[in-house]
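The values are calculated or read from the model by the stated rules, or taken from the named source; none is laboratory data. None of the values given here were measured: they were computed from a predicted structure. As a convention, Cβ positions derive from the backbone with ideal geometry for all residues, glycine included, and neighbour counts pool all protein chains shown.
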Amino acid sequence: MEPLHSVTKKNDRIAKALNKKNYKPKIDSQCKYTIVSRGQADAFIRLLTDRYYIEKIWDHAAGFLIATDAGAVVSDAEGMLGNKGILCASSSYHCQIIDAIKELQLNQ
């Protein structure tokens with residue numbers, strides 16, 4: 001869902017596995033969390049483009065709070081609170097995306 005900092009071909013594969021369309025809005029801010037929180041998108045997926053990249057907490061803290069207060073689940077792309085990408089989605093959809101990422105072996 002985020003073409004500037006994610007591998008969109010991998011996001012396309014996740015969307016296809018879940019029978020969803022992968023929209024690629026050009027949004028480079030914490031607004032992505034709000035869009036998921038409002039139900040305007042199923043998920044915000046940011047897979048790593050560089051395995052050594054470390055997310056900056058200040059780039060995500062407010063969005064994390066907004067999303068989790070609205071009932072979304074926010075984790076890394078492995079379902080942990082680590083630092084291997086970002087996944088923000090509803091609790092039921094979050095599990096499906098984690099399973100698709102694992103099945104497709106996309107977070108390596």
- Message: Cβ-Cβ under 9 Å, sequence separation 6+ or interchain: first residue in region 77-100 and closer than 16 Å to LYS32 by Cα, partner in a strand (DSSP E or B) and polar (S, T, N, Q). Which pairs?
- Response: ILE86/SER75; LEU87/SER75; CYS88/SER75; HIS94/SER75
- Look at ALA72 and say whether it is closer than 18 Å to ASN19 by Cα and touching a strand residue (DSSP E or B) at 6+ places or on another chain (Cβ under 9 Å). no
- Item | Conditions (1) within 17 Å of ASN83 (Cα to Cα); (2) under 13 Å from the mean Cα position of the chain (by Cα): number failed by ALA41 | (1)
- Taking region 54-108, which residues are basic (Lys, Arg) and over 13 Å from the mean Cα position of the chain (by Cα)? LYS56, LYS102
- Only one residue in ASP76, ASP42, ASP59, ASP69 is among the charged types (D, E, K, R) and modelled with pLDDT of 95 or more, so which one is that? ASP69
- Matching residues, region 72-108, being touching a Ser or Thr at 6+ places or on another chain (Cβ under 7 Å) and at positive phi: none
- Query: What number goes with the only condition from (1) of a type outside the set (A, V, I, L, M, F, W, C); (2) closer than 19 Å to LEU104 by Cβ; (3) assigned to a loop (DSSP other than H, G, I, E, B) that GLY39 does not pass?
  - Reply: (2)
- Item | Residues located in region 81-104, provided they are modelled with pLDDT of 90 or more and either part of a loop (DSSP other than H, G, I, E, B) or of a type in the set (A, V, I, L, M, F, W, C) (or both) | ILE86, LEU87, CYS88, ALA89, CYS95, ILE97, ILE98, ALA100, ILE101, LEU104
- Note on the structure: Checked region 44-76 for anything among the small types (Gly, Ala, Ser) and part of a helix (DSSP H, G or I); matches are ALA61, ALA62, GLY63, ALA67
